[in-house]
Amino acid sequence: MVACKKNNSTGSSSSTTDGTTPAQLETQTDDEVQVNNEMDQAANDVNTAMNSDASVSGSTTSSLDRNTITDGGGVGRIVLGGLICDATITIDTSNGLRQITIVYNGSNCWGNRIRTGTVVISIPVGVRWKDAGAVVTVTFDSLKITRVRDQKTITLDGTWVYTNVTGGLLKDLATLGTITHTIGADSVSIEFADSATRIWSVAKQRVFTYNDGVVVTTTGTHSDGTNNNVSVWGTNRFGNSFETLIVEPMTIAQSCDYRLTSGETETIRPVVTTTVTYGLDSNGNPTGCPGNGYYYYKVVWTKDGKTYTFIGPY
């Protein structure tokens, strides 16, 4: 179910080439919502994988449950199931390697997404994830996500650099108080359901705190010389350039099943700027955790003196 509201709807743009018709702006916003949500979820999975083994995390204890070890292990190689409900994790330290591979199996254990493909984490020799300034490389290899409610797909390929700025492990967050990570990527390739493939860049900071569970607040860290707090920029599926600023931190809460509960962004295009507010109900009002129901976002833009509003689920 999608609630849609447009003010002065008779004034819709006649342009189909500048990417600013109502339908195009709604699609671009939905693309951003899906891509950012899935990249955040992948970052959470990377954290889970790196925290699962003391040889990688640097923890004095391992969180591995030996009951989750599956067939396929060997010298310097551990294969795990169960830590991520729709994936298997392989930790490989054989022959000088320090690599973690997450393979998604296409199940629908989340109820809202189906994932296939691979994420590979490469850890330099001597790096322990718990240390301040620890840097790892994360590579997407045909990570395809299908959104169950409408079967919309995106496929991610490319590499990002993931840095533990402050140091510390999430299992110790209640004691540490705050942990800060950054994500940087120059060129993540995104293939959309219409087969359009575009390159996006990413620059984000994720701050972890504890309040009735883990709380993650995300901000943008890139500056183009005019605008600060830029989190994503590139070309949209319609071939138009854009950049997205996080103007109110994007907040993910463990108490709401690690869902995005609030935040606000501005997406700047050559012709029009859209403002998107998250954590709303179907009427566009702030709401508490909806349980198994949808959160909604509201996107607002003005063109040719007319203001438009669209509300969609996520």
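The values are calculated or read from the model by the stated rules, or taken from the named source; none is laboratory data. Note that this is a predicted model, so its numbers are computed, not measured. All Cβ positions, even for glycine, are placed from backbone atoms using ideal geometry, and neighbour counts span all protein chains on display. Areas reflect the complete protein model, heavy atoms only, side chains present, ligands, DNA and RNA absent. Shrake-Rupley method; radii C 1.70, N 1.55, O 1.52, S 1.80 Å.
Observations on the model:
- Among the candidates Thr307, Thr275, Thr267, residue that is in contact (Cβ under 8 Å) with a residue 12 or more places away in the chain, assigned to a strand (DSSP E or B) and open to solvent by less than 30 Å² (accessible area, probe 1.4 Å): Thr267
- Residue identified as closer than 19 Å to Asp40 by Cα, touching a helix residue (DSSP H, G or I) at 6+ places or on another chain (Cβ under 8 Å), in a strand (DSSP E or B) and of a type outside the set (D, E, K, R) among Ile91, Ile145, Ile114: Ile145
Residues checked against (1) surrounded by 18 or more Cβ atoms within 10 Å (Cβ to Cβ); (2) touching a Phe, Trp or Tyr at 6+ places or on another chain (Cβ under 7 Å); (3) modelled with pLDDT of 95 or more; (4) part of a loop (DSSP other than H, G, I, E, B):
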residue	(1), (2), (3), (4)
Asp150	no, no, yes, yes
Leu156	yes, yes, yes, no
Asp172	no, no, no, no
Ile183	yes, yes, yes, no
Ile190	yes, yes, yes, no
Gln205	yes, no, yes, no
Thr209	no, no, yes, no
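- Of all residues making up the range 222-237, the number that are open to solvent by 20 Å² or more (accessible area, probe 1.4 Å) and assigned to a loop (DSSP other than H, G, I, E, B): 8
- Test set (1) under 19 Å from Val232 (Cβ atoms); (2) outside any strand (DSSP E or B) - Cys289 fails condition number: (1)
- Residue count for the range 103-135 under the criterion of being open to solvent by 60 Å² or more (accessible area, probe 1.4 Å) and of a type in the set (Asp, Glu): the result is 0.
- Of the candidates Asp18, Asp30, the single residue that is of a type outside the set (Val, Ile, Thr), at pLDDT below 90 and surrounded by 15 or more Cβ atoms within 10 Å (Cβ to Cβ) is Asp18.
- Any hit, the range 245-255, residues being assigned to a loop (DSSP other than H, G, I, E, B) and either within 21 Å of Lys152 (Cβ to Cβ) or of a type in the set (Gly, Ala, Ser) (or both): no
- Pairs are defined by a Cβ separation below 6 Å, a sequence spacing of at least 6 or placement on different chains, a first member in the range 39-56 that is under 15 Å from Ala134 (Cα atoms), and a second member that is buried (at least 20 other Cβ atoms within 10 Å of the Cβ) and among the hydroxyl-bearing types (Ser, Thr, Tyr); the pairs so defined are Met50/Ser57; Asn51/Ser57.
- Among the residues of the range 289-302, those identified as open to solvent by less than 50 Å² (accessible area, probe 1.4 Å) and modelled with pLDDT under 95 are Pro290, Gly291, Gly293.
- Thr197 being of a type outside the set (A, V, I, L, M, F, W, C) and open to solvent by 60 Å² or more (accessible area, probe 1.4 Å): yes
- Of all residues making up the range 241-282, the number that are closer than 16 Å to Tyr295 by Cβ and among the polar types (S, T, N, Q): 8
- Checked against (1) modelled with pLDDT of 80 or more; (2) part of a loop (DSSP other than H, G, I, E, B), Leu80 passes all but condition (2).
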